[in-house]
Amino acid sequence: MIGEGVVLPRLHVVLWADEDHCLETAARKEYERLALALLRGEEEDEEAGQRLEILREFLETADFRSLRAQSEGIVKERGRVRAVVFRDGERVCCRLWEP
């Protein structure tokens, strides 16, 4: 869980889960949105491509069952949860962050 005073990596993706959408769904939707924006030329910076790669790797490697279990209580209590996905060295990490 990420808390107050935490400095996020410069390159990261923020996802939101709520009672209607889990983090896997949020990641898939953001991946599709970003890929389409890149294809249309709406996102032209190099970081957009890097964020897309982070999301692709996250979708391929994340333990979504575990993430659902971790986020379920927060969603029930607060209505939603924020997840920050980022690269830490060679691996992609996800940290939950209460809104």
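The values are calculated or read from the model by the stated rules, or taken from the named source; none is laboratory data. Computed from a predicted model, the values in this text were never measured in an experiment. Positions of Cβ are backbone-derived with ideal geometry, glycine not excepted, and every protein chain shown enters the neighbour counts.
Of all residues being out of contact with any helix residue (DSSP H, G or I) (no Cβ under 8 Å at 6 or more places or on another chain) and hydrophobic (A, V, I, L, M, F, W, C) in the range 12-43, which is nearest to Thr61 (Cα to Cα)? Just the residue, please. The residue in question is Ala26.
For the range 54-94, the set of residues classified as modelled with pLDDT of 95 or more and acidic (Asp, Glu) consists of Glu57, Glu60, Asp63, listed by residue number.
The lone criterion from (1) touching a residue at least 12 places away in the same chain (Cβ under 8 Å); (2) part of a strand (DSSP E or B) left unmet by Cys93 is number (1). Would you mind stating whether Gln70 is assigned to a helix (DSSP H, G or I), within 15 Å of Leu96 (Cα to Cα) and not hydroxyl-bearing (Ser, Thr, Tyr)? Taking the combined requirement at face value, the residue satisfies it. Look at Glu57 and say whether it is over 23 Å from Asp18 (Cβ atoms), in contact with a strand residue (DSSP E or B) (Cβ under 8 Å, 6 or more places away or on another chain) and in a helix (DSSP H, G or I). In short, yes. Number of residues in the range 40-76 that are among the hydroxyl-bearing types (Ser, Thr, Tyr) and touching a residue at least 24 places away in the same chain (Cβ under 8 Å): the value is 2. For the range 77-87, the set of residues classified as in contact (Cβ under 8 Å) with a residue 12 or more places away in the chain and outside any loop (DSSP other than H, G, I, E, B) consists of Arg78, Arg80, Val81, Arg82, Ala83, Val84, Val85, Phe86, Arg87, listed by residue number.
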